[in-house]
1. Is the stretch 132-144 home to any residue that is modelled with pLDDT under 95 and in contact with a helix residue (DSSP H, G or I) (Cβ under 9 Å, 6 or more places away or on another chain)?
2. If you take the residues of the stretch 131-175 that are in a loop (DSSP other than H, G, I, E, B) and in contact (Cβ under 8 Å) with a residue 60 or more places away in the chain, which of them is nearest to residue 99 (Cα to Cα)?
3. For residues that are under 25 Å from the mean Cα position of the chain (by Cα) and surrounded by fewer than 16 Cβ atoms within 10 Å (Cβ to Cβ), tally how many sit in the stretch 15-25.
4. Kindly establish whether residue 58 is touching a residue at least 40 places away in the same chain (Cβ under 8 Å) and over 25 Å from the mean Cα position of the chain (by Cα).
5. Just to check your reading of the model, which residue among 16, 78, 44 is within 30 Å of residue 119 (Cα to Cα) and in contact with a helix residue (DSSP H, G or I) (Cβ under 8 Å, 6 or more places away or on another chain)?
6. How many residues does the stretch 70-109 contain that are without any contact (Cβ under 8 Å) to a residue 40 or more places away in the chain and either part of a loop (DSSP other than H, G, I, E, B) or touching a strand residue (DSSP E or B) at 6+ places or on another chain (Cβ under 7 Å) (or both)?
7. I need a count of the residues in the stretch 111-130 that are buried (at least 16 other Cβ atoms within 10 Å of the Cβ) and without any contact (Cβ under 8 Å) to a residue 12 or more places away in the chain.
């Protein structure tokens, strides 16, 4: 599904590159982009670092569980591999190291349509004036939508609401970047979709048989401690 959505997005913004400019104008008041308040800057910093906080929290729970110091839910070893691999490959390797540094698309705030020095470039033109850390695609949209990965390895009672919250988080991070003039609509859409595609590929590789990434814990034996010990001794005494 995400591959089809990414292909549709590429085609749509190739045929109608003006859509990027039209949407960007909703975040531009004539004197500059609207995302410049202290509160918005603080919110951007919080949203931008949230993925690292979540990953560190999951890693801490996994480590405490392995050492027997935590009895609640914790991600499995495969889940930790899934989380580290997806954030490293998606937002890390593909988005920030490959696309953003080599596509050369100027950010909205740097284009002539918004009082910047550079001409606007649609997504399919890679000869823009930006040299490094450019507009296509959005790194913060990529890490924002990566939050669906940790949400997807939670146990079923929490998984559905957490995934919905993660998608809402990705949307908020994307809109905030557009409000700062940092990205066009196509940048944030494709940044999120690239990450979601990598998440689905990693899920299929790590859980190839469709296993649940958060299996239900085995039920503890019923009865008091003396009954449990007696039953174990009886089983050992059987021929």
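The values are calculated or read from the model by the stated rules, or taken from the named source; none is laboratory data. The shown structure was predicted, so the numbers you read here are calculated from the model rather than taken from an experiment. Note that each Cβ is placed from the backbone with ideal geometry, even for glycine, and that neighbours are counted across all protein chains shown.
1. Start the filter on the stretch 132-144 by keeping residues that are modelled with pLDDT under 95, which leaves 132-133.
Filter once more, so that each one left must be in contact with a helix residue (DSSP H, G or I) (Cβ under 9 Å, 6 or more places away or on another chain): 133.
For the stretch 132-144, residues modelled with pLDDT under 95 and in contact with a helix residue (DSSP H, G or I) (Cβ under 9 Å, 6 or more places away or on another chain): present.
2. 147
3. 2
4. Numbers: touching a residue at least 40 places away in the same chain (Cβ under 8 Å): yes; over 25 Å from the mean Cα position of the chain (by Cα): no.
No.
5. 44
6. Total meeting the criteria: 10.
7. 2
Listed here are the residues, each with its yes/no results for (1) at pLDDT 95 or above; (2) closer than 30 Å to residue 150 by Cα; (3) in a helix (DSSP H, G or I).
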residue: 20; (1), (2), (3): yes, no, yes
residue: 30; (1), (2), (3): no, no, no
residue: 44; (1), (2), (3): no, yes, yes
residue: 53; (1), (2), (3): yes, yes, yes
residue: 56; (1), (2), (3): yes, yes, yes
residue: 61; (1), (2), (3): yes, yes, yes
